[in-house]
Amino acid sequence: VQLQASGGGLVQTGGYLRLSCAISGRTFSSYAMGWFRQAPGKEREFVAAINDSGGRTYYADSVKGRFTISRDNAKNTVYLQMDSLKPEDTAIYYCAVSRYREHYYTTENDFSSWGQGTLVTVSS
């Protein structure tokens, strides 16, 4: 399976970005998907997850109300809409394929395949 993340960049505080992650080599609609991020000098952390059908989502408290995860199973793509960005959102963002169908598995071990990451920088 291959995951290709894109959409990162430099944005000012309060701005927005939309990340995309295209997946190939797996039956996309059979698995939940997630986004994680890793800030400089910190461990990778969970950001958001969505179940196989796209009907249920789960967010880290730090992004709840600002970020929205969605998926288009016809396009084998998952998205992360990031609004009201803050400097503390600066990180490399990774998409990942879950081992499960449901959205409430949120540890790194719950995900079997990872993209290469896309850098998001929020300036103050």
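Of the numbered criteria (1) open to solvent by 30 Å² or more (accessible area, probe 1.4 Å); (2) more than 18 Å from S112 (Cα to Cα); (3) touching a residue at least 12 places away in the same chain (Cβ under 8 Å), the one G15 fails is (1). Taken together, the criteria place L10 among residues that are surrounded by fewer than 13 Cβ atoms within 10 Å (Cβ to Cβ), at pLDDT 95 or above and either in contact with a strand residue (DSSP E or B) (Cβ under 7 Å, 6 or more places away or on another chain) or among the aromatic types (F, W, Y) (or both). When R99, R66 are checked against the criterion of being free of Cβ contacts under 8 Å to residues at least 40 places away in the same chain and not β-branched (V, I, T), a single residue qualifies: R66. Within region 36-82, restricting attention to residues that are closer than 19 Å to S24 by Cα and in a loop (DSSP other than H, G, I, E, B), the residue that is least open to solvent (accessible area, probe 1.4 Å) is N51. Mind checking which residues of region 92-109 are out of contact with any strand residue (DSSP E or B) (no Cβ under 6 Å at 6 or more places or on another chain) and either closer than 12 Å to R37 by Cβ or of a type in the set (D, E, K, R) (or both)? Residues satisfying the conditions are R101, E102, E108.
Checking each residue in region 90-111 for being modelled with pLDDT of 95 or more and touching a Lys or Arg at 6+ places or on another chain (Cβ under 8 Å) picks out A91, I92, Y93, Y94, V97, E108, D110, F111. Number of residues in region 23-35 that are free of Cβ contacts under 8 Å to residues at least 24 places away in the same chain and in a strand (DSSP E or B): the value is 0.
Within region 83-116, the residues that satisfy the criterion of being outside any loop (DSSP other than H, G, I, E, B) and loosely packed, with under 14 Cβ neighbours inside 10 Å are P87, E88, N109, S112. The residues on offer are G54, G115, and the sole one that is touching a residue at least 12 places away in the same chain (Cβ under 8 Å) and touching a Cys at 6+ places or on another chain (Cβ under 8 Å) is G115.
The values are calculated or read from the model by the stated rules, or taken from the named source; none is laboratory data. In this text the structure is predicted, and so the values were computed from the model without any measurement. Cβ: placed from backbone, ideal geometry, glycine included. Neighbour counts: every protein chain shown. Heads up: the accessible areas ignore ligands, DNA and RNA and are worked out on the full protein's heavy atoms, side chains in. Shrake-Rupley method; radii C 1.70, N 1.55, O 1.52, S 1.80 Å.
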